[in-house]
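Every number here is computed from the coordinates shown, using simple stated rules; none is lab data. The structure presented is a predicted model; accordingly, all values stated were derived computationally and were not measured. Here the Cβ positions follow ideal geometry from the backbone for every residue, glycine too, while neighbour counts run over all protein chains shown.
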Amino acid sequence: MNPLLVGAQAPDFELPNQYGEAVNRAALAGAPALLVFFPLAFTPVCEGELAALAAAGRDGALGTTRVVGLSVDHRYALRDAADRLGVGFDLLSDFWPHGEVAQAYGAFDPVRGHATRRSVLLRPGGEIAAIFESDHDHPRTVGSYAAAIAALRG
């Protein structure tokens, strides 16, 4: 596996969202996309991050960027989390093969068996514009995403 590098083309993927609909990387083309890998639904830091992203989407802080959350949770767990938190963006289930997409994006913790806190901002053409990471117990911030998205707009 090659490490992800800013400027490289992002790996392709196709995963079901919380409604069972297939979402692939090609469908994200045409506008910036933010892939937000998170360990597990129903955990305080993850749910805080998802709620903050949902609020940012409602108030326009991320502009036209397409936000997508990804975890190894089953799509039914993701549906419940999305409904409870008012998440209006896709939550993708990397359930099976277990963590395959997270692994391709360098966002899988094989010891814990779930995604790490890694986010990847994609340019409209699918190239990697920025990578954000935080440790297991600390959330990433919407402000850092907004700054990187603003930089894409020039």
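A few remarks follow.
- Principal axis box of the stretch 88-149, alpha-carbon based, largest edge first, Å: 32, 29, 24
- Scaled radius of gyration (Cα, divided by 2.2 N^0.38 Å) that the chain gives: 0.93
- Phi angles of the stretch 57-74 translate, via the Karplus equation with coefficients 6.51, -1.76, 1.60 and θ = phi - 60°, into HN-Hα couplings of x, 5, 8, x, 5, 10, x, 8, 5, 7, 9, 9, x, 9, 8, 7, 5, 5 Hz per residue; Gly and Pro are given as x.
- Of all DSSP-defined beta bridges confined to the stretch 1-71, some 40% are antiparallel rather than parallel.
- Share antiparallel - DSSP beta bridges, the stretch 37-154, percent rounded to 5: 65
- Sequence-ordered 3J(HN,Hα) estimates for the stretch 86-99 from the Karplus curve with 6.51, -1.76 and 1.60 and θ = phi - 60° stand at x, 7, x, 10, 5, 10, 9, 9, 9, 5, 8, x, 3, x Hz, glycine and proline given as x.
- Cα shape, the stretch 51-98, gyration tensor, a/c 1.5 rule: oblate
- Remark on the stretch 1-90: Rg and Dmax equal 13.3, 38 Å (Cα only).
- Amide H contacts of ARG118: PHE37, each under 5 Å away and 5 or more positions distant or on a separate chain (H built 1.01 Å from N in the peptide plane; Pro and chain starts excluded).
- Taking Cα centre as origin and charging only the Cβ of basic (Lys, Arg, +1) and acidic (Asp, Glu, -1) residues, the dipole magnitude of the stretch 21-129 rounds to 160 debye.
- For the stretch 1-47, the percent of C-alpha pairs falling in each 10 Å distance bin, counted from 0 to the bin holding the largest distance, reads 19, 44, 34, 4.
- Contact order normalised by residue count of the chain, Cα under 8 Å, 6+ apart, percent: 31
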